[in-house]
Amino acid sequence: MSPSSPSQPDVRRPRAYELCWPGKARPVSIGPPPVLAPTDAFDGLPDSAACDGFRNRLFLGDNRRVMEGLLPELRGRINFVYLDPPFDAGQDFRMRVPLGDSDGMGADAAEWVETLAYRDVWGEGAESYLQMLYERLWLVRELLAETGSLFVHVDWRVAHLVQALLDEVFGAGERQAAGAPGFRNEIVWGYGGGGAPRSSYRRKHDNLFWYTRSDRWTFHPQFRPYTEKTRNRGLTAVKGDRYALREEGAALETWWTGPEVQKILSPTAYENLKYPTQKPEALLERILRGHTNPGDLVADFFCGSGVTGAAAERLGRRWIMADSSSAAYYTARKRLAERQRELAESGQPFRAFDAFRTSALLAVGEGELQAEMAPAGGGACIRLTSFEPALPLSADAALRERAARAPYDFLDYWAVDYDYSRVSNAGGQPVFRHQAQIYRTRKDRRLPLQTRASEQPPPGAQIAVQGVDVFGGETRALVVCQG
């Protein structure tokens, strides 16, 4: 059903309980909503009119400020929100990034480097974590459409606390009255892998909480294949000869453990981007199929590696994503650029997307990049002439020596805008259009240092070149065509 129409009216009773902590407070604006102006544009390769008027959006910055900036335009217009927030694990999460042409899978540490993905450490412990999430849930509620749904993905550490918060913000739903706004289902996502503890059971599931904005929502039933035992037995032995198995299979229950949604365990899996806590696309595709329609607007404000946007793009949904981690931002940005390329090469539709950096502290690294224009094939190409990665302050002597000896081993992505001054954002700053993109992939780790030949640009044209290193540091260079 889409949207559903529960038989019971929206009956709301006063809350019988409330989760409290020191300093609990509803979100208070810390200033006017920020102006969200894009810094980068991805229109697809080759350039295409595949954008249907809405440009998908990827943000680097505090998701609270991003949501405040979206409210004037999108209050009550987002159809679905998926949140996979930190789990209050009390640790830093790091990702292992390959260097050079290596796939990073070998035992030799010279083939890879570790970099910080995100911090899951909270200054005041659980109360800081709860206040962070509480403020954002109220903003999500304001952004959701009346028929919108929210999925919150957590684990055993905070599931009990988060569900109490969700009841307070969205309503107790089914626990209050059939069809009431708020809680609909708790889904258990089970997966394998890992060791065998001797003092407890293995913790091998996450919790997915489904809440709705009102008493109307979108839901499309999904089915799983019957087991071989059920197919052989049929229903006759259980229910009598008046019943038969459905052609589509068994309706999905609230525990998801099938092989099609298993966790990404293989380090060599093509989908594995080495981002910690990365979720499989099949899981997000199942969620989006069940709770959205083609063309719906989907948001993920803790986007990590960008799996929600990748699944939404494949299924024809529009998307908005945000993360405060530069590692997440660049991983997702590259992933969505590659998804554009895959769809374009297979003749399937795709949308353009814009990238935004709303935090000056996370904007640009301090590396160095230089490039030049050179004759090629009757036209011209852009060629990199030097590169210096933005090494972290914690880099040891061996890493610095490697960077000095083989700097391009640290370059993961570079792109060219052939007319840099052509498009400006709302702040009057030029928008970098990623017209030529060259990057390493899991299948091909090689990185050419010059573009293919193209037409000779006119004299005086301003060409911009952007490079991103394995640490998420971004550098830019300008090439001015000579007359």
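Some points to look at:
- Condition check for E388: over 29 Å from the mean Cα position of the chain (by Cα) and among the charged types (D, E, K, R): no
- Filter result for the condition that a residue is more than 30 Å from P22 (Cα to Cα), hydrophobic (A, V, I, L, M, F, W, C) and assigned by TED's automatic domain parsing to the domain that holds D92, over A164, A172, A177: A177
- Tally of residues being among the acidic types (D, E) and under 24 Å from G100 (Cα atoms) across region 453-483: 2
- Per-region count, region 413-438, residues touching a Lys or Arg at 6+ places or on another chain (Cβ under 7 Å) and modelled with pLDDT of 95 or more: 1
- Of all residues in region 263-270, none satisfies being in contact with an Asp or Glu (Cβ under 7 Å, 6 or more places away or on another chain), surrounded by 15 or more Cβ atoms within 10 Å (Cβ to Cβ), outside any loop (DSSP other than H, G, I, E, B) and not assigned by TED's automatic domain parsing to the domain that holds R445.
- Of the set (1) acidic (D, E); (2) under 25 Å from the mean Cα position of the chain (by Cα); (3) over 20 Å from A89 (Cβ atoms), all apply to D155 but (3).
- The single condition among (1) without any contact (Cβ under 8 Å) to a residue 12 or more places away in the chain; (2) of a type outside the set (D, E, K, R); (3) crowded, with 17+ Cβ neighbours inside 10 Å that I78 does not meet is (1).
- Filter result for R333 (in a loop (DSSP other than H, G, I, E, B), at pLDDT 90 or above and crowded, with 21+ Cβ neighbours inside 10 Å): no
- Candidates A250, A244, A178, filtered to the one that is exposed (fewer than 14 other Cβ atoms within 10 Å of the Cβ), of a type in the set (A, V, I, L, M, F, W, C) and touching a strand residue (DSSP E or B) at 6+ places or on another chain (Cβ under 7 Å): A250
- Within the set V152, V140, the sole residue that is assigned to a helix (DSSP H, G or I), aliphatic (A, V, I, L, M) and out of contact with any Lys or Arg (no Cβ under 6 Å at 6 or more places or on another chain) turns out to be V140.
- From M321, M373, residue being hydrophobic (A, V, I, L, M, F, W, C), crowded, with 16+ Cβ neighbours inside 10 Å and under 30 Å from P34 (Cβ atoms): M321
- Taking first residues from region 198-209 that are polar (S, T, N, Q) and partners that are not in a strand (DSSP E or B), the Cβ contacts under 7 Å between residues at least 6 apart in sequence or on separate chains come to N207/D155; N207/A159.
- Residue match in region 389-412 (condition: outside the structural domain of R96 (by TED's automatic domain parsing), among the small types (G, A, S), touching a residue at least 60 places away in the same chain (Cβ under 8 Å) and within 30 Å of R64 (Cβ to Cβ)): yes
- Long-range neighbours under 6 Å by Cβ, at least six apart or interchain, first residue more than 18 Å from L137 (Cβ to Cβ) within region 22-35, second assigned to a loop (DSSP other than H, G, I, E, B) and of a type outside the set (V, I, T): V35/A426
- When A282, A310 are checked against the criterion of being surrounded by fewer than 19 Cβ atoms within 10 Å (Cβ to Cβ), of a type in the set (G, A, S) and not in a loop (DSSP other than H, G, I, E, B), A282 stands alone in meeting it.
The values are calculated or read from the model by the stated rules, or taken from the named source; none is laboratory data. Since we're looking at a predicted model, the values are computed, not measured. Note that we place each Cβ from the backbone using ideal geometry, even for glycine, and neighbour counts take in every protein chain shown.
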